[in-house]
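The structure appears right after this line, and notes come after that.
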Amino acid sequence: MREPTGALNLLLLGVDQSAGSRRADSILLVHLPADRSRLYLVSLPRDLLVPSQGGTEKLNATFSRPAGSGTDLAAGYRTTREAVARLTGVRVDAGAVLTYPGARELTDAVGGVPVCLPEPVRSVHTERRFPAGCQRLDGAAAVDLLRQRYGLRDGGLDRDRNVARYAAGLLRQLREKGTLTDPAQLGRLLVRIGPAVTTDTGDMSLPALMAAGGRAAAAEPVTVAFPVLAERTGHGAYEPDPALSPGFLDALRADRLAQWAAAHPEQVTALR
């Protein structure tokens, strides 16, 4: 097994299969720098406008474009992967799609996921209340939190931040349990989640990808928000920030996200 060299980019999509539209609710680009010093979790707003045939469309809509993408998660993943590659100018090397039932099962399988919230959140779906501060969420609570955007100060952008906090907490759990460096343990976890997750390892083997990810996950990840304009457009969508997004994309392509994040702390989501 040879561990891949150079920077890698993994695409993680969270999908609500209960919705008729079958769109990607959560979109995370995970950047592994060449030195494997840590992971960078880049939140891409689902309502971000991206180029499409004849104009633009929301990034989350790309998932539902292929016929049958509601049940064929791989087809939806491929079209969203292509859109993210066009947007960022980087190759997407591997990735996965996780449904809400899968997220619930995964959370319970690892013994719950720690999440630290800067402000309290009240669920508009269940009336569940999440206090400010650090807490361990079981599967049902985690899915409830991940679905919340109404009532949050920044709407979908705040949900993206909470998704990044959940992903960072999940990585912490997997690291502490040794799952990221144990192919057998990871295999059992994937079997337990079953059809609720679809994975794509690209041209790499799963053990080689795990080796690269395990090294980078040894340190706490940095969560970065893709720069968008602060105000919504008239179509309920976000546009890339013309002042910040070019520099961000240059840093991503050149494997210099550490320097960019240090220079733009306002774009970094606090994890604790």
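The values are calculated or read from the model by the stated rules, or taken from the named source; none is laboratory data. Since the structure is predicted, the reported quantities are computational estimates derived from the model, not experimental observations. Every residue, glycine as well, gets a Cβ built from its backbone with ideal geometry; the counts of neighbours run over all protein chains shown.
Do you know which residues across segment 222-250 are at pLDDT 95 or above and within 22 Å of Leu271 (Cα to Cα)? Val222, Thr223, Val224, Ala225, Phe226, Pro227, Val228, Phe248, listed by residue number.
Screening Ala164, Ala184 for residues that are modelled with pLDDT of 95 or more, under 30 Å from Leu209 (Cβ atoms), in a helix (DSSP H, G or I) and not β-branched (Val, Ile, Thr) leaves exactly one candidate, Ala164.
Conditions (1) modelled with pLDDT under 90; (2) in a loop (DSSP other than H, G, I, E, B); (3) not aromatic (Phe, Trp, Tyr), marked per residue:
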{"site": "Ser18", "(1), (2), (3)": "yes, yes, yes"}
{"site": "Pro45", "(1), (2), (3)": "no, yes, yes"}
{"site": "Gly76", "(1), (2), (3)": "no, no, yes"}
{"site": "Glu82", "(1), (2), (3)": "no, no, yes"}
{"site": "Arg86", "(1), (2), (3)": "no, no, yes"}
{"site": "Val92", "(1), (2), (3)": "no, yes, yes"}
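Could you give every pair whose Cβ atoms fall below 9 Å, whose first residue belongs to segment 164-189 and is within 20 Å of Gly14 (Cβ to Cβ), and whose second residue is assigned to a loop (DSSP other than H, G, I, E, B) and of a type in the set (S, T, N, Q), counting only separations of at least 6 or pairs across chains? What qualifies is Ala164/Thr269; Arg165/Thr269; Ala168/Thr269. Screening Arg136, Arg104 for residues that are of a type outside the set (Ser, Thr, Tyr) and part of a helix (DSSP H, G or I) leaves exactly one candidate, Arg104. When Ala83 is tested against the conditions (1) under 29 Å from Phe248 (Cβ atoms); (2) surrounded by fewer than 18 Cβ atoms within 10 Å (Cβ to Cβ), the lone failure is (2). Inspection of segment 242-263 finds a residue satisfying the criterion of being under 22 Å from Asp160 (Cα atoms), more than 17 Å from the chain's Cα centre (by Cα) and hydroxyl-bearing (Ser, Thr, Tyr).
Checking Asp35, Asp72 one by one, the residue that is farther than 23 Å from Gly213 by Cα and among the charged types (D, E, K, R) is Asp72 and no other. A search for C-beta distances below 6 Å between a residue of segment 191-208 that is in a loop (DSSP other than H, G, I, E, B) and any residue that is modelled with pLDDT under 90 and crowded, with 16+ Cβ neighbours inside 10 Å, counting only pairs 6+ apart in sequence or on different chains, returns Thr201/Leu209; Met204/Pro4.
Within segment 53-61, identify whether any single residue is under 15 Å from Ala83 (Cα atoms), surrounded by fewer than 19 Cβ atoms within 10 Å (Cβ to Cβ), of a type in the set (S, T, N, Q) and over 12 Å from the mean Cα position of the chain (by Cα), and answer yes or no. Yes, segment 53-61 contains at least one residue that is under 15 Å from Ala83 (Cα atoms), surrounded by fewer than 19 Cβ atoms within 10 Å (Cβ to Cβ), of a type in the set (S, T, N, Q) and over 12 Å from the mean Cα position of the chain (by Cα).
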